[in-house]
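See below for the structure under consideration.
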Amino acid sequence: MERYKVIFEFENGKEEAAYFTESPVSRVNDWVERERGHWARVENSLINLDNVNVIKVALVELDPNGKEDKLIEWV
């Protein structure tokens, strides 16, 4: 099953991922254009965009066993 995976890389080096069924590129562009101090709602959480260094988007094939996703392409 293919999904879009958005990876947030934080200032402390940690990463969080969220999955979308449709391309989240316009949503990511909206997050990037926001003023400092804004929060982004992602799945069941809020992310403070001030703490995010990098946002990466990839199309992945989900592993049915819940292990590592297979990268199809970076978006």
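For the stretch 1-59, what are the residues that are under 20 Å from ILE72 (Cα atoms), of a type in the set (Gly, Ala, Ser) and exposed (fewer than 11 other Cβ atoms within 10 Å of the Cβ)?
SER26 - this is the single residue of the stretch 1-59 that is under 20 Å from ILE72 (Cα atoms), of a type in the set (Gly, Ala, Ser) and exposed (fewer than 11 other Cβ atoms within 10 Å of the Cβ).
Can you tell me which residue among GLU16, GLU43 is touching a strand residue (DSSP E or B) at 6+ places or on another chain (Cβ under 6 Å), charged (D, E, K, R) and at positive phi?
One residue alone meets the criteria, GLU43.
Would you mind telling me which numbered condition in (1) closer than 18 Å to GLU2 by Cβ; (2) surrounded by 12 or more Cβ atoms within 10 Å (Cβ to Cβ) ASP63 fails?
(2)
Only the coordinates and a few stated rules stand behind these numbers; no lab work does. Source: prediction; values computed, not measured. As a convention, Cβ positions derive from the backbone with ideal geometry for all residues, glycine included, and neighbour counts pool all protein chains shown.
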